[in-house]
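Below: one structure, written as structure tokens.
The values are calculated or read from the model by the stated rules, or taken from the named source; none is laboratory data. Because the structure is a prediction, the values reported are computed rather than measured. Backbone-built Cβ (ideal geometry, glycine too); neighbour counts: all protein chains shown. In case anyone asks, the SASA skips ligands and DNA or RNA and just uses the protein heavy atoms, side chains included. Shrake-Rupley method; radii C 1.70, N 1.55, O 1.52, S 1.80 Å.
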Amino acid sequence: MDPNHFLMLVLLRFELFDIFNGNSSSKDQFCSILKQWNRLTEEMLYLIIIIVGERYVPGISHVTKEDVTMREVIHLLCIQPMAHSSLVKSLPENVRIVFLLCCVLCFIVSFLCCVCCVLFCCVFFVVFCCVFFVLCLLCHFCVVFIVLCCVVFVVLFCVVFCCVFFVMCIALHLVGQALLEEKTQLESSSTEEVTFDFSLKAQSKISPFVFSEMVAAPFEVVKCLREKSGPVASFSVDHSMLEESVQDKEKAERKRKAEAAKAHRQKIMAQMSAMQKNFIESNKMLYDNVPESSSQSDTAASVDSCRMDVDESRVAVGPQQGVCSTDWEAQICILCQEEQEVQAQAPAMVLTACVQRSTVLTQNRGKTLSPKGSYPLFMPPDLAVGTHTGSCGHVMHATCWQKYFEAVQNTTRNRLHADLIIDLENGEYMCPLCKSLCNTVIPLIPVEPNSNTEGLSRNASMTLRCLKSVVSAQSVQDKEKAERKRKAEAAKFSRSITEMLGVCATTVHRVGLQTAPNDLCPYMPVMSWNTCAYTIQAIENMLQEEGKPLFGSLQNRQLSGLKALVQFSAAQRLKSSQAVVQKHFADMLAVLVPVPNVENTPSILEVDFFHLLVGLVLSIPALYQEEAVDLQPSAVSTAYNHLYLLHLLTMTHMLQVLLASHDCAVIGGLGEGDEAQAAAELFSIVSQHTDRLRAGVTGFCVEGVKRGVLPFLRCAALFFNCLTGVPPPEELSGTAESPESQLHLLCSYLSLPSNLFQLFQDHRDVVTTLIKRWCENAAISKALKGEMQIIRYPHKKNRLIDLPEDYSVLLNQASHFKCPNSSDDERKHPTLCLLCGVMLCAQSPCCQEQLNGEDVGACTAHAAICGAGVGMFLRVRECEIILMASKTRGSPYPAPYLDDYGETDPQLGRGNPLHLCPERYRKLFHMWQQHCVLEEIARSLELLNVMFPFEWQML
């Protein structure tokens, strides 16, 4: 058959003959069915590839059935390692013969049970060819290459005409096949004997821009073979040119890095020069009184020594606070690739973030919180439900993000079932770079630098040296006024930063309280403080669970997100009403300093003190504001405010731990030493003011109180590190034998005495009065009598339930499961909650409940209470994990049970014995602990093409 005639028949079969013949009707009609033509063109070209390249069939080529099976297995395993069952399913039906497959597998693969997959022997990689290897067999059918030569020109016309990327890939594939065949014939025969002249026709009829770099090399080889010039020389020239280009790129890269380093050095020198000028101006009177001969040398030496002492100070709280070591570096927008420094008056740079409710830290699973009580101003100590904010760490301009979000809204509404992946009404979107699920952005706010002039008086020895040559005659009041004026000017943010502060605060308020957006709600700043505190507690819990050090082990994205979140929470007082923030501060302080006329104030046993610490520290600057003037506290005032608040809260939390430890009896007495004496005196005072309700306990365990207060100190260290930017001691970045061994380092970093009980001795008169007021609260009497639940410290670590090693145990439990709301014998779907261990009746109308006025299934209703909307369920009879994020979103996930081949058995189709895989179950636990369930569901739904969505609310 004539090749051109064959191609015309193929075009007629796919109804593309008129298109390639140029007989399309009109432009409008052409545009309307362009997608249909592109799809038909792809299918036609794929068929031609099979015809000219995939003739590896017994009877047509010199191959056997074993060769066919071996070739299919090789091509599958060259792509990726595969499990035995996946390999069997991926083979075509005509080669899926068990006997042949077993023989082939024994010859070319090795099964590794430890990694649960089939690995490919490296020696067989030479058989794999991206252009289907079997071109050497096509010499048996020369007419096919004539067809190929004709096809390529038709394809190239199609590519230029339709501009479709996938069609371009197919065209280049066919071009590569044609060039390889022509090269093979030219190498085996003389030029006169070769009739396949694709390259000559391509040179005369096709523009060079059509060919890409993929086929440029073989095109040159064929050209050299026809010109008898030798391809080796051509390749050597190309190789030398390639080496020269690589060297030029390396030189350019080295030059760019050198220029960047030079610019960085110049920037540092400019900053140091500015600091010196500022120092000289603030101490002008001193320089006037110093003789000219010695002023320069003495002052320079003093400044250098003082700066060295300040830099070496690793204290984050109090008058001895060190300087901020690092601020935000210049950030690059992931959308426009432009670099910008983070400044208060510059356009806003934002971090992608996801805000979600969480029960990872709960000590009372199933408890719900309502704004009608003391929440959200006071977080209960059981941390029943918190608001977690996570970030993938990718930075964008605020304007770029707004444009991207608008584009996502416009394109997503036209996609099928797109509402199942992201919720546009709640502001959800996928990160442009990593495709993580996000629903807000956090603006990047620069850290407020400490004043060097005030930092010179941070310890006694430094003060003595600096007073001789540095301390000016200016009064402290004048310096504080100047500092307040400077900070008041620096606190004003640009309009875009202010807008992004509102966007993030609105999302946190809406998600955390599950309410409609309301910018006038007085709890807007409170929810920002709460999500900051809860996120820090979740990170500290994760680090302690994994045995990692408190500092230095966080990923850059986690550290950037946490730092941005703390600075965002600190800036909320500037955006909120002054009177509202001041009222919140007074209400929170009433817990520490009880006032008789203030009602509904919770006792010290009903409050989480780290949430209280964050709220008090971030709201106390509002006390310095006046109605007409936006004043800010000086650096000295801020340092002492932080120090006294931390001391007071630490003492109150120690008392909370003490009152909650009913069974903390003395083991071998209190011992001797200052710490034991101070602890005994504290216990004596507490016993007096509790009417000796604990007369049965003659003492308490000092180490138990230390262990109880340690998580609070670790969280406080993370918080002040992100707030002030002072680096921690290097010892806190290393792995310790136990967290308790680093207690003295934490105390040093937080400006606390290593003997925490010494705080009660230093402030004995004031603390005795406060203890009396705290213990007079009726809630404490009820708690000590056992009439109210008390949360013990340290909090227990939440984990997923313990699953049996043998899956048959779960099957036996499911067989005995009876629905509590039904008595019939119909088949049920027993589903196990991995968070609390409750067995539920899923997908059954007998167990449906009402949730916000809608009928939902048992699992959906249970997830709303047990996991704040997030659920992990094991469907026992299907051997499948179900992840749930809301009433309308969920996704299946492989169960952590594997057979002897290291494979899962969904739906229990194979019936092999299954055993628990600890690594997979640990991975599932980390997904839940790190708040990645929503992200996993979104990724799964993005990859899954759902035609008929599952009704997750009925599960």
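Details
- Taking the criterion of being part of a strand (DSSP E or B) and more than 23 Å from the chain's Cα centre (by Cα), the residues of segment 874-899 that qualify are Leu874, Arg875, Glu880, Tyr897, Leu898.
- Residue within segment 320-335 that is at pLDDT below 90, within 30 Å of Ser751 (Cα to Cα) and either of a type in the set (Lys, Arg) or open to solvent by less than 10 Å² (accessible area, probe 1.4 Å) (or both) present: yes
- Being touching a Leu at 6+ places or on another chain (Cβ under 6 Å), of a type outside the set (Gly, Ala, Ser) and either open to solvent by less than 10 Å² (accessible area, probe 1.4 Å) or assigned by the TED database to the domain that holds Phe925 (or both) is not true of Val581.
- In segment 348-390, of all residues being touching a Lys or Arg at 6+ places or on another chain (Cβ under 9 Å), of a type in the set (Gly, Ala, Ser) and outside any strand (DSSP E or B), the one that is surrounded by the fewest Cβ atoms within 10 Å (Cβ to Cβ) corresponds to Ala384.
- Residues of segment 878-907 classified as at positive phi and open to solvent by 50 Å² or more (accessible area, probe 1.4 Å), total: 1
- Any hit, segment 492-505, residues being open to solvent by less than 10 Å² (accessible area, probe 1.4 Å) and under 24 Å from Thr359 (Cα atoms): yes
- Tally of residues being over 39 Å from the mean Cα position of the chain (by Cα) and surrounded by fewer than 17 Cβ atoms within 10 Å (Cβ to Cβ) across segment 734-765: 6
- Hey, Tyr793 open to solvent by 30 Å² or more (accessible area, probe 1.4 Å), in contact (Cβ under 8 Å) with a residue 60 or more places away in the chain and among the aromatic types (Phe, Trp, Tyr) or not: yes
- Which numbered condition Ile865 misses (of (1) assigned to a strand (DSSP E or B); (2) open to solvent by 10 Å² or more (accessible area, probe 1.4 Å)): (1)
- Inter-residue pairs, beta-carbon under 6 Å, first basic (Lys, Arg) and in segment 718-735, second part of a helix (DSSP H, G or I) and surrounded by fewer than 21 Cβ atoms within 10 Å (Cβ to Cβ), 6+ apart: none
- Applying a threshold of 6 Å to beta carbon distances and a minimum spacing of six or more residues, or different chains, the list of pairs starting in segment 531-557 at a residue that is surrounded by fewer than 22 Cβ atoms within 10 Å (Cβ to Cβ) and ending at one that is among the hydroxyl-bearing types (Ser, Thr, Tyr) reads Pro549/Ser733; Pro549/Thr735; Phe551/Ser733; Gly552/Ser733.
- Residue match in segment 625-641 (condition: in contact (Cβ under 8 Å) with a residue 24 or more places away in the chain and farther than 27 Å from Pro319 by Cβ): yes
- Filtered residues of segment 595-623 (kept if modelled with pLDDT under 85 and crowded, with 17+ Cβ neighbours inside 10 Å): none
- All helices (runs of 4 or more DSSP H) inside segment 734-849 with 3 or more residues being aliphatic (A, V, I, L, M) and closer than 25 Å to Leu589 by Cα: 764-775, 778-784
- Qualifying residue in segment 767-779 (condition: open to solvent by 50 Å² or more (accessible area, probe 1.4 Å) and within 41 Å of the chain's Cα centre (by Cα)): no
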